[in-house]
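A short worksheet on the structure shown next.
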Amino acid sequence: LPAVTSPCKILKCNSEFWAATSGSHHLGTEEAPEFCTALRAYAHCTRRTARTCRGDLAYHSAVHGIDDLMVQHNCSKDGPTSQPRLRTLPPGDSQERSDSPEICHYEKSFHKHSAAPNYTHCGLFGDPHLRTFTDTFQTCKVQGAWPLIDNNYLNVQVTNTPVLPGSTATATSKLTIIFKSFQECVDQKVYQAEMDELPAAFADGSKNGGDKHGANSLKITEKVSGQHIEIQAKYIGTTIVVRQVGRYLTFAVRMPEEVVNAVEDRDSQGLYLCLRGCPLNQQIDFQTIRSAQATESRARRKGPSLPAPPEAFTYETATAKCREKLPVEDLYFQSCVFDLLTTGDVNFMLAAYYAFEDVKMLHSNKDKLHLYERTRDLAAGNAAPSGTAPALWVALLCLGQSWLGLL
């Protein structure tokens, strides 16, 4: 089946309205005409997506909210609907609260009299490749909706859909993150992203943790419009990076071990992918398939009845393409080659590249940035790129045989 995503674009309407009006509630009445213009644009956006949002609760909530705001600000429903200029909050009025409760800053509250927390990393990208909190690397099928994280503080769920009709290749087309209400710090907040829709705000249009005293311990920052957002959850010491690369999403998180393992019922966490990895029946034998890719063309593996990818790669051309962005032949490089051969979409090269860039930013142990297929077979600190050890053994074997011949 082809990839399917919700055609309801209410999240885009919410984020556009928030971007246009952020900070205007702090200003005087002279801003009312501009605010009303933004409201009318918001209402126009919701009407455009009304048919496809009929059963969406967020849509109905937005429609009722617009009506209430129209009345509160004495706005006419008739008038200009062009988007006003993007606003920035004035200095000192950005909801930064220096007197936020100490408990809303993880490092200050939980580790004031102890060693710094040990941070871990999890990432999901490409077709899809998973790096768990324990630095296990897997390539998985996991079509449909799957939980990445499920602990006492937040839930993360991804939906993976087929990249091409008839292909087993899937990629992340939807992401939902739920930050649970936490003491006096943050209200419950939901972030949702889909293909071609990477909002710079939560589902309710806000950019921080709500009305609580430590609200700014949770906030969203847009790094590149429509392509890269970052969520800082200081109250749990967590950083999340979400990107759209090509048509699909990537996810990366930095989280303290204490938060990772904050699970009330560990027996129910079997599908917590970032912690437990993919189920065995969902894992792909990466090494076996890669070996087949090196010797057979995609057409022979897939069969002539299936449609060709947008761009056909041979093993050699895929390897050369991936080396442009990933010069070290680690598992990120091998994932890139795998994805180009499986999908024919060059954007998967960029997904692997940015996934590794996120690892460099988020992983606390800089000696573990690269992962190799033989890491688990070698002593710690002796990991070598795939292919290095076998080549060395072949050379030694040939040398030994030469010496035997001379003797």
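Residues of the stretch 254-269 include none that is touching a strand residue (DSSP E or B) at 6+ places or on another chain (Cβ under 9 Å), of a type in the set (Ser, Thr, Tyr) and part of a strand (DSSP E or B). Scanning the stretch 167-181 for residues that are assigned to a strand (DSSP E or B) and without any contact (Cβ under 8 Å) to a residue 60 or more places away in the chain turns up Thr170, Thr176, Ile178, Phe179.
Just wondering, is there one or more residues in the stretch 144-155 that are part of a loop (DSSP other than H, G, I, E, B) and either in the same structural domain as Val63 (by the TED database) or touching a Ser or Thr at 6+ places or on another chain (Cβ under 7 Å) (or both)? No, there is no match, as no residue in the stretch 144-155 is part of a loop (DSSP other than H, G, I, E, B) and either in the same structural domain as Val63 (by the TED database) or touching a Ser or Thr at 6+ places or on another chain (Cβ under 7 Å) (or both).
Does the stretch 251-281 hold any residues that are modelled with pLDDT of 85 or more and over 20 Å from the mean Cα position of the chain (by Cα), and which are they? Spell out how you get there, then give the answer.
Filtering the stretch 251-281 down to residues modelled with pLDDT of 85 or more leaves 251-262, 273-281.
Across the stretch 251-281, the qualifying residues are Glu258, Asn261, Ala262, Pro279, Leu280, Asn281.
For Leu341, the conditions (1) in contact with a Lys or Arg (Cβ under 7 Å, 6 or more places away or on another chain); (2) surrounded by fewer than 19 Cβ atoms within 10 Å (Cβ to Cβ) all hold with the exception of (2).
Under the condition of being open to solvent by 10 Å² or more (accessible area, probe 1.4 Å) and among the hydroxyl-bearing types (Ser, Thr, Tyr), which residue from the stretch 226-249 is farthest from Asn365 (Cα to Cα)? Taking the candidates together, the pick is Tyr248.
How many residues does the stretch 65-79 contain that are of a type in the set (A, V, I, L, M), in contact with a helix residue (DSSP H, G or I) (Cβ under 9 Å, 6 or more places away or on another chain) and open to solvent by 40 Å² or more (accessible area, probe 1.4 Å)? Quick ask: steps written out before the conclusion?
Keep residues of the stretch 65-79 that are of a type in the set (A, V, I, L, M), which gives 66, 69-71.
Then keep just the ones that are in contact with a helix residue (DSSP H, G or I) (Cβ under 9 Å, 6 or more places away or on another chain); that gives 66, 69-70.
Cutting the leftovers down to open to solvent by 40 Å² or more (accessible area, probe 1.4 Å) gives us 69.
Here the count works out to 1.
Mind listing whichever residues of the stretch 313-361 are of a type in the set (S, T, N, Q) and either free of Cβ contacts under 8 Å to residues at least 40 places away in the same chain or in contact with a helix residue (DSSP H, G or I) (Cβ under 7 Å, 6 or more places away or on another chain) (or both)?
Matches in the stretch 313-361: Thr314, Thr317, Thr319, Gln334, Ser335.
On the stretch given as the stretch 138-165, residues that are more than 18 Å from Asn281 (Cβ to Cβ), open to solvent by 40 Å² or more (accessible area, probe 1.4 Å) and in contact with a helix residue (DSSP H, G or I) (Cβ under 6 Å, 6 or more places away or on another chain) total 1.
Can we say Ala193 is in contact with a strand residue (DSSP E or B) (Cβ under 8 Å, 6 or more places away or on another chain), under 21 Å from Lys9 (Cβ atoms) and open to solvent by less than 40 Å² (accessible area, probe 1.4 Å)? Criteria met by Ala193. Here Thr168 meets each of (1) surrounded by fewer than 17 Cβ atoms within 10 Å (Cβ to Cβ); (2) closer than 18 Å to Glu230 by Cα with one exception, condition (2).
Report the residue count in the stretch 362-372 for those that are without any contact (Cβ under 8 Å) to a residue 12 or more places away in the chain and assigned to a loop (DSSP other than H, G, I, E, B). Spell out how you get there, then give the answer.
Taking the stretch 362-372 as the starting set, the residues that turn out to be without any contact (Cβ under 8 Å) to a residue 12 or more places away in the chain are 365-366.
Those left that are additionally assigned to a loop (DSSP other than H, G, I, E, B): 365.
Going through the stretch 362-372 one residue at a time, the tally reaches 1.
The values are calculated or read from the model by the stated rules, or taken from the named source; none is laboratory data. Just so you know, these numbers come straight off a predicted model, no measurement behind them. Cβ atoms come from the backbone with ideal geometry, glycine included; neighbour counts cover every protein chain shown. Calculation scope for accessible area: heavy atoms of the full protein, side chains included, ligands and nucleic acids excluded. Shrake-Rupley method; radii C 1.70, N 1.55, O 1.52, S 1.80 Å.
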